[in-house]
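Visitor: Okay, here's the structure, questions in a sec.
The values are calculated or read from the model by the stated rules, or taken from the named source; none is laboratory data. Because the structure is a prediction, the values reported are computed rather than measured. No Cβ is skipped: glycine too gets one built from the backbone with ideal geometry, and neighbour counts run over all protein chains shown. These area figures cover heavy atoms from the full protein model, side chains too; ligands, DNA and RNA do not enter into them. Shrake-Rupley method; radii C 1.70, N 1.55, O 1.52, S 1.80 Å.
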Amino acid sequence: MTTSRSILLVEDNEDDVFIMKRALTAAGVKNPLHVVEHGQEAVDYLAGAGKFQDRALFPLPAIIFLDLKLPLKSGHEVLAWIREQPEFYPIVIIILTSSEEPKDLSQAYKLGANSYLVKPPTVDKLIEMAKAFKWCWLEYNHFGAN
């Protein structure tokens, strides 16, 4: 497993951030986790703009967990922006949302999401999901350069 590759969590709900951190820790994910709270902040982070200029402190992630219902820029808008940047093509983008709407699912895949996960109703189920994520994306997936 490559633990040096960072993960970016784009989530505006601080309770969901807390629970996700807990689930990743319980699943044994040791990769650095960076959190941004809204869509524009995600774009700024990836672009290295403003407070995110220092790539030693804010490295490009290998994986992004992206909520869809975000302030300032929606998750769909962020996803579209990321996929328009050729240098970000290798980044794995996992939609992590409460939306089970077929149109959200369809649009996310159309825009280039690698996976679409619906937030489970309990912490135990989220931990199970985090373990499956670790197994699939961190232990067996081969990443492109970015």
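Visitor: Looking at region 119-135, I want the residues that are part of a loop (DSSP other than H, G, I, E, B) and have a partner that is open to solvent by less than 30 Å² (accessible area, probe 1.4 Å) with Cβ atoms under 8 Å, at least 6 apart or on another chain. Which pairs are those?
Guide: LYS119/LEU96; LYS119/THR97; LYS119/LEU126; PRO120/LEU126
Visitor: Something else about it: Counting only residues that are hydroxyl-bearing (Ser, Thr, Tyr) and surrounded by fewer than 17 Cβ atoms within 10 Å (Cβ to Cβ), which one in region 79-129 is farthest from the chain's Cα centre (by Cα)?
Guide: First pass over region 79-129, keeping only residues hydroxyl-bearing (Ser, Thr, Tyr): 89, 97-99, 106, 109, 115-116, 122.
If we keep only those that are surrounded by fewer than 17 Cβ atoms within 10 Å (Cβ to Cβ) too, we end up with 89, 98, 106, 109, 115, 122.
On the way: TYR89: 14, SER98: 14, SER106: 18, TYR109: 14, SER115: 10, THR122: 19 Å.
The residue in question is THR122.
Visitor: If you check every pair at least six apart or on different chains, which have Cβ atoms under 9 Å apart with a residue in region 88-104 that is β-branched (Val, Ile, Thr) first and a residue that is assigned to a helix (DSSP H, G or I) and surrounded by fewer than 18 Cβ atoms within 10 Å (Cβ to Cβ) second?
Guide: ILE93/ARG83; ILE95/LEU105; ILE95/TYR109
Visitor: Would you say PHE58 is of a type outside the set (Val, Ile, Thr), in contact with a strand residue (DSSP E or B) (Cβ under 9 Å, 6 or more places away or on another chain) and either at pLDDT 95 or above or open to solvent by 40 Å² or more (accessible area, probe 1.4 Å) (or both)? Even if it seems obvious, please write down each step before you answer.
Guide: Numbers: of a type outside the set (Val, Ile, Thr): yes; in contact with a strand residue (DSSP E or B) (Cβ under 9 Å, 6 or more places away or on another chain): yes; either at pLDDT 95 or above or open to solvent by 40 Å² or more (accessible area, probe 1.4 Å) (or both): yes.
Yes; evaluated as a whole, the condition is true for this residue.
Visitor: Of all residues in region 26-39, count the ones that are at pLDDT 90 or above and open to solvent by 60 Å² or more (accessible area, probe 1.4 Å).
Guide: Of the residues in region 26-39, the ones at pLDDT 90 or above are 32-39.
If we keep only those that are open to solvent by 60 Å² or more (accessible area, probe 1.4 Å) too, we end up with 37.
Here the count works out to 1.
Visitor: Return yes or no: is ALA47 under 21 Å from SER6 (Cβ atoms), in contact with a Leu (Cβ under 7 Å, 6 or more places away or on another chain) and either of a type in the set (Gly, Ala, Ser) or surrounded by fewer than 20 Cβ atoms within 10 Å (Cβ to Cβ) (or both)?
Guide: So ALA47 fails the test.
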